[in-house]
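Working notes for the structure below.
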Amino acid sequence: MSTFLTFLITGLTTAAIYAVGASGLVLTYTTTGVFNFAHGAVGMFGAFLYWQLRFDWGWPAPIALAIVLLVMAPLFGVFLEVAIMRNLEGTSEAVRLVVSISLLAALVGAANWIWDPTQNRFTASFFEGKGFDFFGTRVTWHEAATVLIAIAVAIGLRFVLYNLRAGVAMRATVDDRPLAALNGARSDRSAMLAWAIGCSLAALSGILFLGTLALDAGTLSLLIVNAYAAAMIGRLRSLPMTFLGALIIGLAEAFWQIYRNDLSQHFHVFTSTYLDTFASAIAVIILFVVLWLLPNPRLRGHSRVREFFPTPSLRGSLVFVGIVIAGAAFISAWTTQSHQIDLANVFALGIIALSLVPLTGFAGQVSLASLSFAGIGAVTMAHLGGGGDPLGLLWAALICAGIGALVAIPALRLSGIYLALATAAFAVMLDRWIFNLPNFRVFGWFNVKLFEQGSVAVTRLKVFGLDTSSPRAQVVLGAVAFSLIALFVVALRRSRFGRRLLAMKDSEAACATLGMNLVGTKVAVFALSAAIAGVGGALYGGVQQSVNAQMFSFINGLPIFMLAVVGGIGAIGGAFFAGISLALLTTILPDVVPSLSHLLLITPGLIGISLGRNPSGAVSQIREGFAPMRQSKVALGFLAASLTAIVVLRSTNTIANWPTFFAALVVLVASVPIGEMFAHKAPAEVAEEPGAGAGAEIPLEWVGITRPFTDEDVRQMDAALGISEVEMYGAARS
Amino acid sequence: MTDAPVQDILLELRDIRAAYEQIEVLHGVNLSVPAASVVALLGPNGAGKSTTLRVIAGLHAPTSGTLVIAGRRVSGARADDLARAGMCLIPEGKGVFPNLTVRENLRMATYTGASLHHVEETAYARFPRLKERRKQTAGTLSGGEQQMLAMARGLAVDPALLLLDELSMGLAPIIVEELYEIVAQVARDGVAILVVEQFARTVLGVADYAAIMVGGRIVNVGAPSELEDELSAAYLGA
């Protein structure tokens, strides 16, 4: 009985903290429509600030609490609303996600910068660990206070939302934002208030974890995943249900600890070592199940978004991959082995980012699990690609495609933020539980080997007798593989299936009413994306030669998604951007300029946050910037001649690496004004729009806009959307 | 307005143009609404009537042109500022917050400066049925009751300018007549009212002036009786 009570109290305390965190999340989501992935990071930052004031500087607890909860956190919330969240109106779900994920990354980076993560920090629970006796069980005042605080938060939120005019206005803004403005309510002030309260609650939950948990930026930020599960039980709307959800999760975690021992005395299965790490995955499994059980949402109708990706032309794509392969071949010849590894990483990570282009860029399905699929691919390559067998790559693609299709099944009913959370839950479940399992057998015959609770070796590929085990060969292999997959993605975009994906992104409801098979299309694109990620992971494993579970964790996967969206998720250039910037930020720049390493911690975050202002991504901007160069034969000629000269100079060892780099940069930049100067001399080139495809052919999606529909267009549209021709018109006419 | 009325002009649109993205939908709209009168803005579906209202209310920024209210240029002002200055738009079909109770809906009107007590008193005096339902969420009210709540909230703050978008949509004819009686009475108290309707007959009974809008332009303005013939032409395209 006393064990029961002890764990009940632990469970209630945890539940109380989840509830406080989750209610802040629900509040900001409902009032502003932005699901704040950084909610936990804000809490983490609050906890660190509190530590600074209370323990490092020795201020009294009430003053430290007041400063963090009533001044700093609300001010930060207001800052977030004004500087970032306000700009997100009219952006797609992927962009909103990236902005808040970037904020998470930036906050974790900033915390690690300010507070050295290698240092141990003393924290203590409130009331100096004192407690009282409760039916023979000791309860600390800290635990009692935590539960009381959660109750107070519940009552306080209820009071604010239903009894204060500002709270009523917040709820009114949720119902109908323009109507609230027509009433004279300042909806931006409602949003500011919501963010202020939300951040304060986040900080409160972070501070309450002190004393029971180590002060670690990453751990504290991710604890919020558990709170997401609670918020999801409240369907991101109902605060009472959110509190109930927190209770379920807190108690489930606590009772698993005691009852597992009891159960294992009766059922052998519970003693299994496979369940050792299960406890940490309980919350995400609950999250996954809840998402499954959510009632079917209505199909999304047309959504107007600010981003736009033109159809890539075949010629442009061929030029792009040509430059990529040639660049990789030359640059890898001039660099040291360690930089060759960095370069090979660019392409492996680029392929993983490419997996997001059809899924998120074309089909609009957000997935935060691409690195997890890469992990599955790497493990497959390790175990089935012995001796560098290319069949390992094929197995990686097939196994990932199969698992991807399985994950797609709940995704069929989800979209937007719910889908992102489901894939996040899948990824966290893998990295907290499945990836840490020892080898196991399924149905007594099928052997599953994972990371074997440590790391496994991956042999580099042998393709058609060619050995790729040297680092330079890895670079070229990576560049070729990236290029092939990139061309495949381009072909996909131009194909009938690609147009189907785009149609689905624009309006699921319209696709369904046209008779398109949404289920098949979604499963197919999920499987395809997972397969690409798996191949990327297998090659990444080959570059690294040894892989472990940590490399493919959920949190490590976030920057790939983030940078791919920043680069421009609808284009292969965006994926390349992701690969290159990730390698630059994580390995290359810290090597070259060590003094920048702290700044680099927060750079990906800052880049991502800037996305709110340009939702089509950086690559589209760069592309536009270079348009005058691409449209002038003189500039292209100048560029080609100069680059050839530079390559010759470097190859004959006349100049060193850095001069080569800067010379190439100068030539590239100089080609733009040259292009502008000669632009008027090449009108024929200007007329040809890169998005317009070959000749006078208008892409299907522009028909009806650039010229009126014809019967032939309608037939083509039917074919493209996979609808068998309907004889409706014919019958009526004849 | 060509035949300028002698009363004070409360609302004036001068050559207003507005666009959604690249597509222009208002091609230079000129319109005046005098104080203490009802102006009906009529026209077929897609003529730009609702966009005109959205521009006046500050929900949609015009690309060019001038908007003058009570002698002051207000083009580009924000919706919440205009609301606080005495303008009230009751949008088409959804003038209430469905998840708020009737009382909370009325409370939202207090942002214009009126006290909750005053708002509730005037609203319940005009529509006694709302008092019985004051604790009910607005989404559970009948269509007519929702429209009453929207009107009650709008009128309780004593606006100088009232904009009504498709007041009669989805309502029983008897309720429409009831609502328009109230509109006429409010106008007699000195409020300038601009009513947008597709279905014209009922509103012509209370309107002092009517304007016909087709294809993003005002094509005709005059007394309701003068416009009967043009009206059918505008709808039938004859």
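Nearest 100 Å² is fine: what is the total accessible surface buried where chains A and B meet, probe 1.4 Å? The summed interface area works out to 2200 Å². Taking a straight line from the alpha carbon of A:Lys633, these lysines sit under 26 Å away, with near neighbours fewer than eight places off in the same chain left out: A:Lys681.
Cross-link reach is defined here as a Cα-Cα straight distance under 13 Å, omitting same-chain residues fewer than 8 places apart; for B:Lys131 the aspartates and glutamates meeting it are B:Glu104, B:Glu120, B:Glu121, B:Glu145. Across region A:2-293, the volume of the C-alpha convex hull divided among the residues equals 147 Å³ per residue. In summary, the convex hull built on the alpha carbon positions of region A:1-41 has an orientation-averaged projected area of 3.2 nm². What is the ratio of the Cα radius of gyration of chain B to 2.2 N^0.38 Å, with N the residue count, to two decimals? Ratio of Rg to 2.2 N^0.38 Å for chain B: 0.98.
Hey, got a sec? Which chymotrypsin sites (Phe, Trp or Tyr not before Pro) in region A:54-111 land in a DSSP loop and have at most 10 other Cβ atoms within 10 Å? Those satisfying the criteria are A:Trp57.
Peptides B:134-144, B:74-84, A:279-289, A:189-199, ordered by how many other C-beta atoms sit within 10 Å of their residues on average, highest first, read A:189-199, A:279-289, B:74-84, B:134-144.
Over all alpha-carbon pairs in the protein assembly as shown, figure out the percentage whose distance exceeds 55 Å. Tail of P(r) above 55 Å: 24 percent of Cα pairs. The portion of the accessible surface of region B:117-191 made up by carbon and sulfur, rounded to a whole percent, is 50 (1.4 Å probe; DNA, RNA and ligands excluded). Overall, region A:314-592 carries a charge dipole of about 660 debye about its Cα centre when +1 sits on the Cβ of Lys and Arg and -1 on the Cβ of Asp and Glu, all other atoms neutral. Solvent-accessible surface of chain A, averaged per residue with a 1.4 angstrom probe and all protein chains in place: 44 square angstrom. Take each residue of peptide A:173-179, count the partner chain Cβ atoms within 10 Å of its Cβ, and average: the result is 6. Karplus-based coupling profile of region B:82-87, in residue order and whole Hz: 4, 4, 5, 8, x, 9, with θ = phi - 60° in 6.51 cos²θ - 1.76 cosθ + 1.60 and x standing for Gly or Pro.
Within 10 Å of the Cβ of each residue in B:94-107, the mean number of Cβ atoms contributed by other protein chains is 4.
Counting Cβ atoms of other protein chains within 10 Å of each Cβ in A:162-172 and taking the mean gives 4. A protection proxy built from the mean count of other Cβ atoms within 10 Å ranks the segments A:208-218, A:421-431, B:217-227, most packed first, as A:421-431, A:208-218, B:217-227. Farthest towards the positive end of the charge dipole of chain A, among the residues A:Phe626, A:Gly637, A:Trp59, is the Cα of A:Phe626, using unit charges on the Cβ of Lys, Arg, Asp and Glu. Apolar share of the accessible surface for chain A: 68 percent from carbon plus sulfur atoms, 1.4 Å probe. For a straight C-alpha distance cut-off of 16 angstrom, the aspartates and glutamates reachable from A:Lys130 (same-chain residues fewer than eight places away being disregarded) are A:Glu143. Just want to confirm a number: the relative contact order over chain A, from Cα pairs under 8 angstrom separated by 6+ residues, in percent. Reported as a whole number, the value is 18 percent. Angle check, please: helix B:224-236 long axis (alpha carbons) against the longest principal axis of chain B (alpha carbons), in degrees 0 to 90, nearest 10. Between the helix axis and the principal axis of chain B, the angle is about 80 degrees.
The spacing between region B:131-154 and region B:10-64, judged by their C-alpha centroids, is 28 Å.
Using θ = phi - 60° in the Karplus curve 6.51 cos²θ - 1.76 cosθ + 1.60, the 3J(HN,Hα) couplings for region A:127-132 round to 6, 6, x, 5, x, 9 Hz; x is entered for Gly and Pro. The mean sequence distance of close C-alpha pairs (under 8 Å, at least 6 residues apart), as a share of the length of region A:114-250, puts its relative contact order at 19 percent.
For the peptides B:202-214, A:156-168, the ranking by mean Cβ contacts within 10 Å, running from highest to lowest, is B:202-214, A:156-168.
The values are calculated or read from the model by the stated rules, or taken from the named source; none is laboratory data. Note that the structure is predicted; figures quoted are calculated from it, not measured. Here the Cβ is made from the backbone with ideal geometry for all residues, glycine too, and neighbour counts use every protein chain on show. For accessibility, only protein heavy atoms count, side chains too; no ligands or nucleic acids. Shrake-Rupley method; radii C 1.70, N 1.55, O 1.52, S 1.80 Å.
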